């Protein structure tokens, strides 16, 4: 059973030692390495880096980074051997639960690569809505993204 817990220094070392992603996902590998997401977000005071713990093994991690105005940014990375097995849905759901547990958070947003239609489809199924497009520079290369967000009301329903 998957649960989320806060990251430790040992977890960071373990994640940076993961094998590379399969070819289908290899352009995401930078997020796991030195100067990747763990290094970037561990320096942000309002960012929670959460480990997806599956019976004592690290199945992945997520990030909820709170920003002013009731907004939080969401990121997710799965262990390379766990990609494409439906784990992303569980980790995303648990991460959103964590993010919205802060009652000042009204919206959680993300960016998803245009060349990752499976992830975009998952987010749409989970009631994220498209809010536009952007280009970000990743390791010196321009990468096209969809911008998406989910509100507390969309996540919990009308009872939010």
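The values are calculated or read from the model by the stated rules, or taken from the named source; none is laboratory data. On a predicted model such as this, the values are computed, not experimentally measured, just so you know. We place every Cβ from the backbone using ideal geometry, glycine too, and count neighbours over all the protein chains shown.
Here is the figure for segment 9-47: residues that are surrounded by 14 or more Cβ atoms within 10 Å (Cβ to Cβ) and within 17 Å of residue 59 (Cα to Cα) total 14.
Any residue that is in a strand (DSSP E or B) and within 23 Å of residue 118 (Cα to Cα) - is there at least one of those in segment 6-23? Checked segment 6-23: no residue is in a strand (DSSP E or B) and within 23 Å of residue 118 (Cα to Cα).
Any residue in segment 50-70 that is touching a residue at least 12 places away in the same chain (Cβ under 8 Å) sitting within a Cβ distance under 6 Å of a residue that is surrounded by fewer than 18 Cβ atoms within 10 Å (Cβ to Cβ) and in a strand (DSSP E or B)? List the pairs, counting only those 6 or more apart or interchain. Close Cβ pairs (under 6 Å, with a partner that is surrounded by fewer than 18 Cβ atoms within 10 Å (Cβ to Cβ) and in a strand (DSSP E or B)) amount to 51/5; 52/2; 53/3; 53/5; 54/2.
Yes/no matrix, rows are residues, columns are (1) assigned to a helix (DSSP H, G or I); (2) farther than 22 Å from residue 54 by Cα:
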position: 72; (1), (2): no, yes
position: 77; (1), (2): no, no
position: 84; (1), (2): no, no
position: 88; (1), (2): yes, no
position: 92; (1), (2): yes, no
position: 99; (1), (2): yes, no
position: 103; (1), (2): no, yes
position: 110; (1), (2): no, yes
position: 120; (1), (2): yes, yes
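Residue-level check: of (1) under 26 Å from residue 16 (Cβ atoms); (2) crowded, with 19+ Cβ neighbours inside 10 Å; (3) touching a helix residue (DSSP H, G or I) at 6+ places or on another chain (Cβ under 9 Å), residue 107 misses just (1).
Within segment 81-106, residues that are under 25 Å from residue 117 (Cα atoms) have Cβ atoms under 6 Å from residues that are part of a loop (DSSP other than H, G, I, E, B) in these pairs: 99/105, counting only partners at least 6 apart in sequence or on another chain.
When you check residue 84 against the structure, is it within 17 Å of residue 155 (Cβ to Cβ) and at pLDDT below 95, yes or no? When the stated conditions are applied, residue 84 does not pass them. Scanning segment 26-37 finds no residues that are outside any helix (DSSP H, G or I) and farther than 28 Å from residue 140 by Cα. Selection of segment 117-147 for residues being exposed (fewer than 11 other Cβ atoms within 10 Å of the Cβ) and over 23 Å from residue 30 (Cα atoms) yields 125, 132.
The residues listed here are 130, 141; of these, the one that is over 16 Å from the mean Cα position of the chain (by Cα) and modelled with pLDDT under 95 is 141.
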